[in-house]
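Enquirer: Handing you a structure now.
The values are calculated or read from the model by the stated rules, or taken from the named source; none is laboratory data. None of these values were measured; they are calculated from a predicted model. Positions of Cβ are generated from backbone atoms using ideal geometry, with glycine treated the same way; all protein chains shown enter the neighbour counts. Only protein heavy atoms, including side chains, enter the accessible area calculation; ligands, DNA and RNA are left aside. Shrake-Rupley method; radii C 1.70, N 1.55, O 1.52, S 1.80 Å.
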Amino acid sequence: MGFGNVARAAPEPGSGAVVIGAGPIGLGAVAALVERGVAPVVVSEPSPRRRALAERFGAHVCVDPAAQDPFDAWRAAAPADTPLTVLECSGRAGMFNEILHRAPRQTRVLLIGACMTEDVFTPVVGLYKDITVTMCMAYPPEEFGRTLDRIADGTIDAVALVTGRVGLGGVSAALDTLRQSDDHVKVLVRPGLPGTGLHPAP
């Protein structure tokens, strides 16, 4: 999904990006942005494990939002007047409103993370700052094949995303552990695995 939505937004080389959330979608977006020559790519993620993966996928700056504002990090890393795209991949309620208030004028915002509750934001902030917002789920179908090619040729280390495995009996436990963002990134369901617990990634 990260590659497809970046393809849909088509940020140009010479522009930069802030990625909010480094789960599987955010990490895919990081790799896609770097592939396109977007720089700097700043990632905001509270989990040390996921920040380390974001660096492995090519992020130029990774910050813990509890310690540093990602937009301050962006301003420190990017030359003046660099066009900015923000990819909201966390799905956290309230994050879109925070982005509107913190992003510079004429930022493009892609809402990729699926916020599953009602959310509140202040539209006039985005209006006065001339911010463009795109909500993304569908993306160019040809990106499916291109992404598979990247995995097959090793351009993308998809194995690094898989931090655990479960059998069918362990799906409930997997969902519980994925709510703790520093425990796992992606848990692969393998029907033949025994038991209800998580198995380590190979």
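Enquirer: How many residues are open to solvent by 60 Å² or more (accessible area, probe 1.4 Å), assigned to a helix (DSSP H, G or I) and of a type outside the set (A, V, I, L, M, F, W, C) if we restrict to region 125-151?
Expert: 4
Enquirer: Could we say that residue 63 is open to solvent by less than 20 Å² (accessible area, probe 1.4 Å), at pLDDT 95 or above, within 21 Å of residue 10 (Cα to Cα) and in contact with a helix residue (DSSP H, G or I) (Cβ under 9 Å, 6 or more places away or on another chain) here? Step through it out loud before you land on a result.
Expert: Numbers: open to solvent by less than 20 Å² (accessible area, probe 1.4 Å): yes; at pLDDT 95 or above: yes; within 21 Å of residue 10 (Cα to Cα): no; in contact with a helix residue (DSSP H, G or I) (Cβ under 9 Å, 6 or more places away or on another chain): yes.
Judged against the criteria, residue 63 is not a match.
Enquirer: Considering (1) open to solvent by less than 90 Å² (accessible area, probe 1.4 Å); (2) touching a Lys or Arg at 6+ places or on another chain (Cβ under 9 Å); (3) outside any strand (DSSP E or B); (4) not small (Gly, Ala, Ser), say which one residue 106 fails and leave the rest.
Expert: It fails just one condition, (1).
Enquirer: Next question. Taking into account only those residues within region 163-201 that are part of a helix (DSSP H, G or I) and open to solvent by 70 Å² or more (accessible area, probe 1.4 Å), which is farthest from residue 46 (Cα to Cα)?
Expert: Let us first name the residues in region 163-201 that are part of a helix (DSSP H, G or I), namely 168-178.
Right, trim to open to solvent by 70 Å² or more (accessible area, probe 1.4 Å) and you get 168, 172, 175-176.
Numbers: 168: 30, 172: 24, 175: 19, 176: 18 Å.
Selected residue: 168.
Enquirer: Turning to a different aspect of this structure: One residue is enough: does region 31-45 have a residue meeting the conditions touching a Ser or Thr at 6+ places or on another chain (Cβ under 9 Å) and farther than 24 Å from residue 156 by Cβ?
Expert: No, region 31-45 contains no residue that is touching a Ser or Thr at 6+ places or on another chain (Cβ under 9 Å) and farther than 24 Å from residue 156 by Cβ.
Enquirer: Go through the residues of region 113-125 one by one and say whether even a single one is within 17 Å of residue 19 (Cβ to Cβ) and of a type in the set (S, T, N, Q).
Expert: no
Enquirer: For region 176-194, enumerate the residues that are over 18 Å from residue 49 (Cβ atoms) and out of contact with any His (no Cβ under 7 Å at 6 or more places or on another chain).
Expert: Residues satisfying the conditions are 189, 190, 191, 192, 194.
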